[in-house]
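The next block holds one structure in the form of structure tokens; read it before the comments.
The values are calculated or read from the model by the stated rules, or taken from the named source; none is laboratory data. What you see is a predicted model; the values in this text were computed from it and never measured. Every residue, glycine as well, gets a Cβ built from its backbone with ideal geometry; the counts of neighbours run over all protein chains shown. Surface areas here come from the heavy atoms of the whole protein model, side chains and all, with no ligands, DNA or RNA. Shrake-Rupley method; radii C 1.70, N 1.55, O 1.52, S 1.80 Å.
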Amino acid sequence: MATLHSRAAARLMITPAVVLLLGWMLIPLGMTVYFSFLRFNLLAPGTESWTGLTNYYFFLTDPSFWDAIRNTLTLVIGVLLITVTGGVLLALLLDQPIWGQGVARVLVIAPFFVMPTVSALIWKNMFMNPVNGLFAFLAKSVGLQPFDFLGQAPMASIILIVSWQWLPFATLILLTALQSLDTEQLEASEMDGAGPLNRFIYIVAPHLARATTVVILILTIFLLSIFAEILVTTNGGPGTATTNLTYLVYTQSLLQFDVGGGSAGGVVAIILANIVAIFLMRMIGKNLDA
Amino acid sequence: MARAVSTRRKATFTVAAWAIALAIFFPILWTFLTSFKTEGDAIASPPMFVFFDWNLSAYEAVNQRTNYLKHFWNSVVISFGSTILGLVIAVPAAWAMAFVPAKQTKNVLMWMLSTKMLPPVGVVIPIFLIFRNTGLLDTRTGLVIVLMLINLPIIVWMLFTYFREIPGEILEAARMDGADLRSELLYVLTPMAMPGIASTLLLNVILAWNEAFWTLNLTAAKAAPLTAFIASFSSPEGLFFAKLSAASTMAIAPILVLGWFSQKQLVRGLTFGAVK
């Protein structure tokens, strides 16, 4: 039983972590919100003044903002579709009795450990480059014109790169969930005459539903903040074709030094992420009670 | 009992799974192969797979023309520094929450998790300005602090899920035998908690090593880790495939090896215990 003494000690032990995270959350967050109401440009220091909602007005009426929202959603949904569908199929395949299962799994997981700048540059140059890339060679060898991936279909190309990075994560989590499935239940259903399709629909799919939800929510949190892949491949272009919200705020504040406008964008990004976070927190909280 | 599986069925699945696995792994393999080519061989058409003149000229060029070792060392310092600092802060916190749970424990844990949901772009401007004014911009210290803070929730959560699995009765028995808090920590808990702490260290070093928002935005030449160093290849340097491949191979190889050891922990750590 916990004593009063140990309770006091426990509180003391938790304090540093709580204080640090509280500071990390409240101080910059408060500053971002405060800046978002200011006319604040780093090129004109000392001229900060209160402007109320002007930054929000300009940000939300800027066509590039709506482009950024559309690009953010396209990127998130595109990658989710590929990684979740691919992840389920791949997890089911890797869960079958196969030779060298361990090694195959290691190969599949590998891209997750490649740093974002490396994977983006490898794909951009060695595969998607319209002159010397491997895809260009393949196209030429079957008599097609090489396709300029990042020039002609920039968003689709980035979706492909990001999906390659995150497919392992989805596969690994779904595979872990599959392996915790009670095999006796499957065997019993098989004896009762359930075919593979029925077994999947009535036993495997419900079992995977929870893990899939977790994958979708966690991926969404990460995908909303995709940055490095865009920076090293397209710089948000051509035009604003691949500028997502994160990248837009980066260009406004750190490249154009418009702190006020960038901060307003940051607040919008926080609100978007929070909508997803609420659902994720509920899922994880439920698990904590169990 | 394992179900009897026909060899033919097993062979079919094996071929399919291996074909997909190799396709997914191929970009990494291709990078590895290309790093041993000359620039000429790297863009040869048709592409050369293994029958080329293997040599280390690209590695030599990267090491001569750039300060590769400096960036590598920056990555090591930043990823290990931030993770170890995080562990120092998180171990007591997770220990307390796992063994002396209070009414608030669940709320504190959930709140910590919620800080992880904060998009970095929502706080980058203030952090950038604070760092600029305090001279932390482009320093390893600055990045150690930021990466420690962004990974702290994951570190606390992972440790918590590991510590929770240690039976509390053992601690009570130790207490009955007259162990005080210090010896309880040192002789009872630490040996049992070591595997969990090691896994947490491993996964968080990997996450910090690959972190590419803060490292790109808060560093320039001096403190840039490998993520930022590789970004400098974006153009037109990236067109030198062999050099790009050599730099990339050196940047990802150590972490790929660590990563393969941490597969299981990866799931636990990144789903906050929701999938085990």
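Here are the numbers for this structure:
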| item | result |
| --- | --- |
| Size of the range A:69-202 as Cα extents on the principal axes (Å, biggest first) | 57, 38, 29 |
| Folded to 0 to 90 degrees: helix B:68-99 orientation relative to chain B principal axis, Cα | 20 degrees |
| Solvent-accessible area, 1.4 Å probe, carbon plus sulfur percent, for chain A | 69 percent |
| Kirkwood Rh, Cα atoms: Rg over Rh of chain B | 1.07 |
| Solvent exposure of the range B:66-232 as accessible area per residue, Å², 1.4 Å probe | 37 Å² |
| Calculated FRET value between residue B:22 and residue A:69, using beta carbons and R₀ = 30 Å, to 0.05 | 0.20 |
| Relative packing of A:86-92, B:188-194, A:13-19, which averages over residues the other C-beta atoms within 10 Å, highest first | A:86-92, A:13-19, B:188-194 |
| Exercise: per-residue mean of other protein chain Cβ atoms within 10 Å, B:225-236 | 5 |
| Amide H contacts of residue A:38 (H built 1.01 Å from N, under 5 Å, at least 5 apart or other chain) | A:51 |
| Within the range A:64-88, backbone nitrogen closer than 15 Å to the virtual label 7 Å beyond the Cα of residue A:156 toward Cβ | A:75, A:78-79, A:82 |
| Per-residue mean of C-beta atoms belonging to partner chains within 10 Å, peptide A:98-107 | 6 |
| Values of log10 I(q)/I(0), in the order q = 0.16 Å⁻¹, for the range B:94-187 under a Debye, Cα-only, solvent-free model | -0.80 |
| Note, ³J(HN,Hα) from phi for the range B:202-211, Karplus 6.51, -1.76, 1.60, rounded to Hz, x at Gly and Pro | 4, 5, 6, 5, 4, 4, 5, 4, 9, 4 |
| Protein accessible surface hidden between B and A, which excludes ligands and nucleic acids, total in Å², probe 1.4 Å | 9200 Å² |
| Cα→Cβ-extended label distance, 7 Å offset, between residue A:210 and residue A:191, nm | 2.6 nm |
| Neighbouring partner chain Cβ atoms per residue of B:241-252, average, 10 Å criterion | 3 |
| Choice from B:66, B:141, B:14 with maximal GNM fluctuation in chain B (Cα, 10 Å cutoff) | B:14 |
| Value of relative contact order over chain B, rounded to a whole percent, pairs C-alpha under 8 Å and six or more apart | 30 percent |
| Overall dimensions of the protein assembly as shown by Cα: Rg and Dmax, Å | 25.0, 81 |
| Total lysine pairs under 14 Å (Cα atoms) in the protein assembly as shown, excluding pairs fewer than 8 apart on one chain | 4 |
| Chain A: DSSP helices with Cα axial extent of at least 30 Å and average Kyte-Doolittle hydropathy no lower than 0.5 | A:4-35, A:63-94, A:154-179, A:259-289 |
| Along principal axes, Cα extents of chain A, largest first, whole Å | 78, 77, 29 |
| Residue among B:179, B:58, B:220 with the largest mean-square fluctuation in a Gaussian network model of chain B, springs linking Cα atoms under 10 Å | B:179 |
| Under the Debye formula (equal points on every Cα, no solvent term), log10 I(q)/I(0) of the range A:23-116 at q = 0.18, 0.21 Å⁻¹ | -0.98, -1.11 |
